[in-house]
1. In this structure, is residue 51 free of Cβ contacts under 8 Å to residues at least 40 places away in the same chain and assigned to a helix (DSSP H, G or I)?
2. Return the residues of region 1-20 that are without any contact (Cβ under 8 Å) to a residue 24 or more places away in the chain and either over 16 Å from residue 117 (Cβ atoms) or outside any helix (DSSP H, G or I) (or both); say none if nothing qualifies.
3. Here are some conditions: (1) closer than 19 Å to residue 58 by Cβ; (2) surrounded by 13 or more Cβ atoms within 10 Å (Cβ to Cβ). Residue 122 meets all but one. Which one does it not meet?
4. Scan region 96-119 residue by residue and report those that are buried (at least 18 other Cβ atoms within 10 Å of the Cβ), at pLDDT 90 or above and over 16 Å from residue 47 (Cα atoms).
5. Name the pairs whose Cβ atoms lie under 9 Å apart, with the first residue in region 109-133 and free of Cβ contacts under 8 Å to residues at least 60 places away in the same chain, the second surrounded by 12 or more Cβ atoms within 10 Å (Cβ to Cβ) and part of a loop (DSSP other than H, G, I, E, B), and 6 or more positions between them or separate chains?
């Protein structure tokens with residue numbers, strides 16, 4: 001794989017991490033449950049660090065690292081904002097975050113199929129495991145029933 005393709009793949013993952021960073025931050029602002037709010041704020045910071053690690057690799061390769069999220073991530077967050085303006089409850093916020101995490105897992109799985117240098121495969125593998133663990137945790141929160149909207 002040539003350097004420009006590696007940079008493109010890394011920039012794609014940077015977008016994914018930036019989308020997650022912003023998605024977790026916005027979700028945390030709207031959550032009521034303090035434990036989940038704290039967890040989402042922590043995950044936002046972790047995604048920022050992950051993006052920074054990938055940006056450093058792009059710079060090492062002589063490229064210009066992406067500094068913002070993707071258009072699809074921005075659209076998802078806009079949809080999330082509109083949806084939460086209509087109905088704000090922790091269950092719908094968590095479900096929305098889980099949808100974003102589905103996309104993040106898929107992006108990392110796709111990247112791991114690419115013929116990348118060993119050190120990048122190791123970094124991306126570590127990040128994938130972290131993203132997958134968060135995805136699974138968010139999914140279990142969503143499925144737990146603890147945040148179901150109570151009908152009157």
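1. Numbers: free of Cβ contacts under 8 Å to residues at least 40 places away in the same chain: yes; assigned to a helix (DSSP H, G or I): yes.
Spelling it out, residue 51 is indeed free of Cβ contacts under 8 Å to residues at least 40 places away in the same chain and assigned to a helix (DSSP H, G or I).
2. Scanning region 1-20 gives a single hit, 2.
3. (2)
4. 111, 116
5. Within 9 Å, the pairs are 121/114.
The values are calculated or read from the model by the stated rules, or taken from the named source; none is laboratory data. Note that the structure is a prediction, hence the values are computed from the model and not measured. Quick reminder, even Gly has a Cβ in these numbers, built from the backbone with ideal geometry, and neighbours come from all protein chains shown.
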